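Each value in this text was obtained by applying a stated rule to the coordinates, not by laboratory testing. Just so we're clear, the structure is a prediction, and the values are computed from it rather than from any experiment. Neighbour counts are summed over all protein chains in view; Cβ atoms, including those assigned to glycine, are modelled from backbone coordinates with ideal geometry.
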Amino acid sequence: MAQTVKGEDLRPVELGDQDLSTTEVKLDPQSTQEPMEKGQLQNAESVSSNQNFLLRKFFVARPGAFDQATEDLKNQVVTKEKETVNSAWLLVEVDHWNNEKERVVLLTEKSLFICKYDFIMLCCQQIQKVPLNFIDRICTGPFSFPPKSLDKREGEGLRIYWDKLREPSFLSRWNPLSGDLPYTTFTEHPLKNCSEQFSNICLLSSFNNHLVDAVQAAHKADPVPGRANGALILNQPLLIETYVGVLSFIGNRNKLGYSLARGSVGF
């Protein structure tokens, strides 16, 4: 059964790119290479500047912040759940209203832990636990929205289902604060190309491979009575049913779901 840990308590969650060859002017080779080298240099400087800006803006990029977070979370998992963390990831959770939320995701032999961590105060705010042997579908693909939706997102994501027998209720689907949906959706963190460290922990395809292996092993080691063993691995569009999306439009563009430096105003 999926569970949520908030503070010190456990709360169960119900399952159910001008061709130069065409010109007649012959240029000295050095003069043709110089503009290209300058352009490449400018592009490289622009990319580097943007990466440095992101590294300064996100609190998780502060030296030692992610390591401190994983250490704190590992200790909690060992103490409360008696499980050993095998891998830790920095991803973005996208809820059913298209809101982005920065998350630390942990994998053990038995469970998936989705952690809300405050990188400003360096403290855990919430942990949701999903047993790996309850996961019945893992879907990857591009995000999909209703035809007339005003707030859409590009790119691909990964969606994890853990209760195919229970469909989300009408109230749960239309409640932006609902936390009892039997699935979660992830996409890559904005820091994924900023350094080698973040490339390793923010890459969605790598997380997907580790997750699939862990889920298959968990189903084999601890099958759940009355449930089909194994999980379906699918590649299909991930539908997010938002039509207006004013809240997510404002929140995502201002990165309200991240621990972020916001000038003289705290997060």
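Okay, here's what the table says:
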{"read-out": "Cross-link table Lys57/Lys82; Lys110/Lys152; Lys74/Lys152; Lys82/Lys220, entries beyond 29 Å C-alpha to C-alpha", "value": "Lys57/Lys82; Lys110/Lys152; Lys74/Lys152"}
{"read-out": "Gained length - Ser195 relative to Ser49, 0.36 nm times residue gap less alpha-carbon distance", "value": "51.3 nm"}
{"read-out": "Normalised convex hull volume, the range 108-254, alpha-carbon set, Å³ per residue", "value": "144"}
{"read-out": "Inter-label distance for Arg253 and Asp222, nm, one decimal - labels placed 7 Å from Cα along Cα-to-Cβ", "value": "4.5"}
